[in-house]
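Data first, discussion second: the structure below is written as structure tokens.
The values are calculated or read from the model by the stated rules, or taken from the named source; none is laboratory data. Model, not experiment: these values are computed from the prediction. Note: ideal-geometry Cβ built from the backbone for every residue, glycine included; neighbour counts use all protein chains shown.
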Amino acid sequence: MILMKDIIREGHPTLRQVAKEVALPLSEEDRKIAESLMEYVLNSQNDELAEKYDLRPGIGLAAPQINVSKRIFAIYIEGEDEPELDIIAINPKIVSHSVEQTFLGSGEGCLSVDRPVEGYVPRYARITIEAYDLDGKKFKKRLRGLPAIAFQHELDHLNGIMFFDHIDEKNPLKANEFAQPLE
Ligand SMILES: OCN(O)CCCc1ccccc1
Ligand code: NI
């Protein structure tokens, strides 16, 4: 299982690389990588396991964060009756997006960043995405809210982008006129 010691931190060059597309159907090795990312995300949201293994909670994890420069990530966001988003995404793409932007009022963090970085991270408010699942089957989703933000945060990792790259240096808490905070 993935532990915090397996997660590389800012300064590690792999976090700034553009990750490689993955061959389909998935090799056994790539399938195990994808499953281990989701296993970490779920474990980290389980209070008992997170405490037992000293895991920092995260709603997503991308392969580059365990020093695997491949276009794979996992996201799990709990919901009322069912998860808001529960995906393993292989070779993910944003195929269209709103002009309108959004941002988390509390800013963003990252398992690969061991410090708080203040500031709004502007994201597209609504996105249409395409990706492949573990079985190599293509799927398409329309996302908004936290699922849309999380998808963009993880996709950034596959392109060597960190959340703080989007924060306005001069005025970190400036939200441009298009951006509506996500309540
Ligand atoms: O890349 C995964 N990660 O570092 C865990 C946190 C993900 C995250 C996603 C959206 C907004 C805030 C934090
Ligand atoms: Ni991150």
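Some values worked out for this structure:
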{"quantity": "Contacts under 9 angstrom Cβ, first residue in segment 160-183 being closer than 15 Å to GLU10 by Cβ, partner hydrophobic (A, V, I, L, M, F, W, C) and assigned to a helix (DSSP H, G or I), 6 or more apart", "calculated": "GLY160/LEU15; ILE161/LEU155; MET162/LEU15"}
{"quantity": "Residues that are more than 13 Å from ligand 1 (Cβ to nearest atom) and free of Cβ contacts under 8 Å to residues at least 12 places away in the same chain, drawn from segment 85-114", "calculated": "ASP86"}
{"quantity": "Residue within segment 117-139 that is free of Cβ contacts under 8 Å to residues at least 24 places away in the same chain, crowded, with 16+ Cβ neighbours inside 10 Å and more than 10 Å from ligand 1 (Cβ to nearest atom) present", "calculated": "no"}
{"quantity": "Filter pass, LEU143 being crowded, with 17+ Cβ neighbours inside 10 Å, of a type in the set (A, V, I, L, M) and within 17 Å of PRO13 (Cα to Cα)", "calculated": "no"}
{"quantity": "Residue among ILE33, ILE77 that is under 26 Å from GLY136 (Cβ atoms) and either of a type in the set (D, E, K, R) or in contact with a Pro (Cβ under 8 Å, 6 or more places away or on another chain) (or both)", "calculated": "ILE77"}
{"quantity": "Flag for TYR76 being part of a helix (DSSP H, G or I), modelled with pLDDT of 95 or more, of a type in the set (Ser, Thr, Tyr) and more than 29 Å from ASN171 (Cα to Cα)", "calculated": "no"}
{"quantity": "Those residues of segment 161-172 which are surrounded by 12 or more Cβ atoms within 10 Å (Cβ to Cβ) and either over 25 Å from ILE88 (Cα atoms) or away from ligand 2 (no atom under 12 Å from the Cβ) (or both), in sequence order", "calculated": "HIS166, ILE167, ASP168, PRO172"}
{"quantity": "Checklist (1) in contact with a strand residue (DSSP E or B) (Cβ under 9 Å, 6 or more places away or on another chain); (2) outside any loop (DSSP other than H, G, I, E, B) applied to LEU26, failing item", "calculated": "(2)"}
{"quantity": "Hits in segment 95-112 (condition: away from ligand 2 (no atom under 16 Å from the Cβ) and surrounded by fewer than 16 Cβ atoms within 10 Å (Cβ to Cβ))", "calculated": "VAL95, SER96, SER98, VAL99, GLU100, GLY105"}
{"quantity": "Verdict on GLY79 being buried (at least 18 other Cβ atoms within 10 Å of the Cβ) and either under 19 Å from ASP6 (Cβ atoms) or more than 16 Å from the chain's Cα centre (by Cα) (or both)", "calculated": "no"}
{"quantity": "Tally, over segment 37-73, of residues that are within 16 Å of ligand 2 (Cβ to nearest atom) and assigned to a helix (DSSP H, G or I)", "calculated": "9"}
